[in-house]
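The values are calculated or read from the model by the stated rules, or taken from the named source; none is laboratory data. These numbers come from a predicted model, not from an experiment. Note: ideal-geometry Cβ built from the backbone for every residue, glycine included; neighbour counts use all protein chains shown. Surface areas here come from the heavy atoms of the whole protein model, side chains and all, with no ligands, DNA or RNA. Shrake-Rupley method; radii C 1.70, N 1.55, O 1.52, S 1.80 Å.
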Amino acid sequence: MKLKKRVASLLVAFFGVAGLAQAHPIKPFEPASLEQIVASHHGKPFLLLVWSMDCEFCQASLDVLAKARAADPTLDIVTVTTAPMSDPVLSGQVRTRLASLRLLDDAWSYGNEAPERLRYAVDPAWRGEKPRSYWYDATGKRSAYSGLINPARLAQWQLVQAKMPAGDRGKKRTSIQP
């Protein structure tokens with residue numbers, strides 16, 4: 001009887017993840033995509049994580065973000081994987097990983113342009129180390145960080161965002177500093 005319940009719960013989890021993966025397609029990240037992302041989050045703080053499947057610190061950072069999102073569903077997370085969309089096997093692995101973490105709602109994957117050009121579009125100062133995260137406040141100002149995202153760093157950023165005066169949250173800055 002316990003085995004039947006376990007199998008049933010695994011099937012429910014699998015089909016739930018599969019349904020989530022279909023409901024939120026991964027978008028191709030092209031040179032103009034960052035502008036789209038920033039514009040769609042105007043007036044709201046968000047975190048953008050650039051990651052890959054073969055990066056252990058990326059996987060650990062995704063786990064931290066997933067746990068934080070589960071505790072605070074308003075946490076706005078954008079993921080950009082350096083995996084090319086043209087690789088169907090890798091794309092499937094990315095989709096499965098993000099779906100299992102419930103981080104598919106704003107997911108991007110490198111598109112057709114050369115990876116160097118896409119990396120430059122994210123941040124001209126970035127040299128390709130991963131994970132690479134960008135922490136945007138509600139005004140559009142961002143700070144870059146290379147390395148593992150840990151719960152303390154994330155909590156500190158969330159605290160700062162919560163303390164930002166309401167009048168400053170919707171102000172648009174003319175430039176975004178890397």
Odd one out for Asn112, checked against (1) closer than 26 Å to His42 by Cα; (2) modelled with pLDDT under 95; (3) open to solvent by 30 Å² or more (accessible area, probe 1.4 Å): (1)
Some residue of region 17-39 being among the hydrophobic types (A, V, I, L, M, F, W, C), open to solvent by less than 40 Å² (accessible area, probe 1.4 Å), in contact with a Leu (Cβ under 8 Å, 6 or more places away or on another chain) and modelled with pLDDT under 95: yes
Criterion: at pLDDT 95 or above, small (Gly, Ala, Ser), out of contact with any Ser or Thr (no Cβ under 8 Å at 6 or more places or on another chain) and surrounded by 15 or more Cβ atoms within 10 Å (Cβ to Cβ) - qualifying residue of Ser143, Ser100: Ser100
Residues being surrounded by fewer than 16 Cβ atoms within 10 Å (Cβ to Cβ), within 15 Å of the chain's Cα centre (by Cα) and not charged (D, E, K, R) - total across region 67-95: 3
Residue list for region 104-128, filter: hydroxyl-bearing (Ser, Thr, Tyr) and under 13 Å from Trp51 (Cα atoms): Ser109, Tyr110
Positions within region 121-140 being touching a residue at least 60 places away in the same chain (Cβ under 8 Å) and open to solvent by 20 Å² or more (accessible area, probe 1.4 Å), in sequence order: Ala121, Lys130, Arg132, Asp137
